[in-house]
Each structure stands twice: as structure tokens, then as C-alpha cells.
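Only one structure is covered here, and it is reproduced in the block below.
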Amino acid sequence: MEGVITDIFVKSGDRVAAGKALLQIDASKQQATVESDEASRIAQDEAVHYAQQQFERAKQLLSVGAISQQEYDQAETARDGDDGHADGAQGESAGKPRAARSITA
């Protein structure tokens, strides 16, 4: 865990019970990372949605001869490539800390 200690609840030599808070850490840097990860995930979701729309459009245009097979294949490849990226972005921020955390015994 990374952050600035904002409060210390015990001093050297104190006896502590299991689960008692020892100190508090301001984890605002980690919170900023969580928010950045969430923004990246949203952007990736939008990219996947856009690639799917472009693929559907290319399919319709190919059926009427308005685009080449190569252009259709490129749209399909873009769609399939973006689908794979979205799966990796899911859940990356799960379990990350909030703005402040307590360290317990």
C-alpha cells in the first residue's frame, strides 16, 4: 500500500488486539489511479461499441457492393481486436483502495 500516513492510533509498546486500527493512510494517489483506470475502461468500452457499429455498417455496404471485401475484412479485424481489449480492462479497479485506509493489527 502506498500513501501518506495521516494518523497514528498507537505508540511504540502499546498492546493491540487483532483488528484494531494502527494507522490511517491517505491513499489519494491510489484513488486517482482507480479513477484513471475507470476512465480508461469507459473509453475502451466506447471504442468497442464504435468498432461494432463500423463493422455492421461495413457488412451492409458489402452486401450492396458499396465497399470491397478488403474494407469489410478491415472492419471485422478492428471489431475483433477491440473486443479482446475490453475484456482485459474489466475488473482492474476492483478491490482498489478508497481515499483513506486504516491499517489494522
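Tabulated data
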| read-out | value |
| --- | --- |
| Evaluation of residue 43 against (1) at pLDDT 95 or above; (2) surrounded by 12 or more Cβ atoms within 10 Å (Cβ to Cβ); (3) of a type outside the set (Val, Ile, Thr) (one fails), failing number | (2) |
| So residue 54, is it in a helix (DSSP H, G or I), touching a Gly at 6+ places or on another chain (Cβ under 8 Å) and not basic (Lys, Arg) | no |
| Enumeration of residues in the range 32-49 that are in contact (Cβ under 8 Å) with a residue 24 or more places away in the chain and aliphatic (A, V, I, L, M) | 34, 47, 48 |
| Selection from the range 64-81 of residues that are assigned to a helix (DSSP H, G or I) and more than 16 Å from residue 53 (Cβ to Cβ) | 69, 70, 73 |
| Filter result (assigned to a strand (DSSP E or B), under 10 Å from residue 102 (Cβ atoms) and not polar (S, T, N, Q)) within the range 1-30 | 7, 21, 22, 23, 25 |
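The values are calculated or read from the model by the stated rules, or taken from the named source; none is laboratory data. Small disclaimer: the values here were computed from a predicted structure and weren't measured. Neighbour counts run over all protein chains shown; Cβ positions are idealised from the backbone, glycine included.
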